[in-house]
Amino acid sequence: MRRLIILAVLLGGVQLLLPLGGGHTDAQTLLTFGFLILAAYTSGELATSVGLPRVIGYLLAGVLFGPSMLGTVTEEATQQLAPVSSLAIALIAYLAGAELRWDELRSRARAISWILVTELSVGFVALSATLMLLRDHIPFLAGTPTPTMIGFSLLFASIAIVHSPAVTMALLTETGAKGPVARTTLGVVLVSDVVVIVLFSGVLALTRVLVPPTGVDVAAVSLGRVVWELGGAVVVGVALGGAVALYLRFVKRELVLFAVLIAFFGSEIARLAHVETLLTLLTAGFVTENISRRADGDALRHAMERSGAPVFVVFFALAGAAMALGEVAEVWPLVIPLVLVRTAAIWAGSRLGARKAKVEPPADRLVWMGLISQAGVAIGLATVIVEVYPARGAPIRTLFLATLAVNQTMGPVLFRMALARAGELGRRKEVVRVGMAVETAH
């Protein structure tokens with residue numbers, strides 16, 4: 001009850017203060033930022049009181065106070081706060097890479113490879129087949145020739161199989177979970193982004209052959225961009241990670257400020273180089289962690305968690321605010337079967353892969369529960385589809401975002417259940433309590 005009263009007071013206070021901004025966008029944006037930190041954090045505490053992960057509270061706060069419901073956080077404000085999301089993604093990505101040490105990754109390579117390949121393959125085939133079977137009920141497939149139907153079904157499936165390293169890291173940091181389920185799941189979701197980008201590039205090329213776009217030059221640029229974003233991000237990330245390692249080795253001062261600078265300049269470098277920010281920072285974190293002394297890497301990670309705590313709270317609240325409930329309602333009959341098929345495919349593919357890799361229990365039975373959440377790079381890939389195919393790409397993105405909203409909501413709940421069943425829930429760090437589940441990776 002106390003937290004509900006706090007939320008009511010915060011809402012009333014911001015409603016009184018917003019008109020005092022006199023229409024000044026900067027002042028209102030700053031007020032919205034502060035409101036989201038407090039409101040989302042309070043909602044996160046409410047979520048934990050009923051046994052849900054904090055990230056669910058942050059997301060629900062964004063939905064409740066966002067444009068689709070109360071409208072306290074306007075669409076203009078979400079656009080003005082876009083740099084906060086970019087900074088959070090950069091921090092998330094770096095921390096994700098820093099969580100992976102080469103020796104541990106190599107020791108779990110067989111499990112990660114088998115689970116990743118089988119569950120992505122099963123999911124891709126199952127989702128493609130489902131769209132083809134439901135073609136008459138899907139706006140962008142109804143009445144289309146067979147080649148068009150095949151091409152766009154494959155395109156949707158190639159982004160719908162994506163996972164969410166961000167939510168995975170959020171839960172791991174919030175709970176302090178350690179163990180086979182936590183580490184195997186983290187490895188799978190981090191590597192999956194790279195695999196999905198490569199798969200999407202190939203599917204996009206095939207679709208352009210089956211359904212030539214009206215703007216051929218734009219399509220070619222889009223494909224080349226995706227390919228460069230993948231390879232170039234690795235190159236830039238290695239260079240950035242090496243530079244950070246040198247700083248830790250010879251300077252190692254003001255790490256809290258330096259942590260923010262890494263994310264800011266890393267994302268700017270990625271933007272200027274036209275490479276994928278998430279993969280760039282992920283690679284940088286991985287390189288830094290594996291060539292630096294363990295104590296230096298730990299110190300930088302902890303500094304990044306402290307500096308990024310409020311940013312992560314706002315990031316997930318903004319993600320919730322961006323969920324268009326009206327669009328979700330329109331495609332709801334299609335969302336349910338797609339979510340069910342994807343969930344069943346992840347369960348079957350993960351269990352099969354775990355069996356092939358001889359993964360130890362209980363990880364063999366529980367890893368699938370950490371693979372339901374999705375977001376990150378798939379939103380960017382959906383945008384590429386819209387650029388190449390403006391007419392049909394828009395409804396593809398709408399349907400994907402609707403399914404993402406459902407998966408993003410139930411995914412953290414399932415993953416926490418898996419960690420609890422495996423007995424891997426630990427005591428989360430007090431520093432993270434100030435903010436949220438520091439996650440990582442996109």
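Based on this model, can you work out whether Val377 counts as at negative phi and modelled with pLDDT under 85? It is true that Val377 is at negative phi and modelled with pLDDT under 85. For the range 391-428, filtering for residues that are open to solvent by 60 Å² or more (accessible area, probe 1.4 Å) and without any contact (Cβ under 8 Å) to a residue 12 or more places away in the chain leaves 1. Within the range 197-226, the residues that satisfy the criterion of being open to solvent by less than 40 Å² (accessible area, probe 1.4 Å), outside any helix (DSSP H, G or I) and modelled with pLDDT under 80 are Pro213, Gly215. Looking at the range 285-299, can you tell me whether even one residue there is open to solvent by 30 Å² or more (accessible area, probe 1.4 Å), polar (S, T, N, Q), touching a residue at least 12 places away in the same chain (Cβ under 8 Å) and part of a helix (DSSP H, G or I)? The answer is yes; a qualifying residue exists. When the criteria are applied in full, Thr288 meets the requirement of being closer than 25 Å to Val195 by Cβ, polar (S, T, N, Q), in contact with a helix residue (DSSP H, G or I) (Cβ under 8 Å, 6 or more places away or on another chain) and at pLDDT 85 or above. Restricting attention to the range 410-439 and to residues that are in a loop (DSSP other than H, G, I, E, B) and modelled with pLDDT of 50 or more, the residue that is nearest to Arg342 (Cα to Cα) turns out to be Ala422.
Which one is modelled with the highest pLDDT among residues in the range 316-327 that are open to solvent by 20 Å² or more (accessible area, probe 1.4 Å) and either in a helix (DSSP H, G or I) or touching a Lys or Arg at 6+ places or on another chain (Cβ under 8 Å) (or both)? Break it down stepwise before answering.
At the first step, the residues of the range 316-327 found to be open to solvent by 20 Å² or more (accessible area, probe 1.4 Å) are 319, 322-327.
Adding the requirement that they be either in a helix (DSSP H, G or I) or touching a Lys or Arg at 6+ places or on another chain (Cβ under 8 Å) (or both) leaves 319, 325-327.
On the way: Ala319: 74, Leu325: 71, Gly326: 71, Glu327: 66.
Top of the filtered list is Ala319.
Please determine whether any residue of the range 370-377 is outside any helix (DSSP H, G or I) and open to solvent by 20 Å² or more (accessible area, probe 1.4 Å). Yes - at least one qualifying residue is present in the range 370-377. Gly232 satisfies every condition listed in (1) at pLDDT below 80; (2) part of a helix (DSSP H, G or I) except (1). Condition first: open to solvent by less than 20 Å² (accessible area, probe 1.4 Å) and more than 20 Å from the chain's Cα centre (by Cα). Now tell me which residues in the range 100-121 satisfy that. Passing the criteria: Ala111, Thr118.
Applying the set (1) assigned to a helix (DSSP H, G or I); (2) within 22 Å of the chain's Cα centre (by Cα) to His163 leaves exactly one unmet item: (1).
The values are calculated or read from the model by the stated rules, or taken from the named source; none is laboratory data. Every value quoted in this text rests on a predicted model; they were computed, and no experiment measured them. So basically every Cβ, Gly included, is an ideal-geometry build from the backbone, and we count neighbours across all protein chains shown. Protein only, heavy atoms only, side chains kept; ligands, DNA and RNA dropped before computing areas. Shrake-Rupley method; radii C 1.70, N 1.55, O 1.52, S 1.80 Å.
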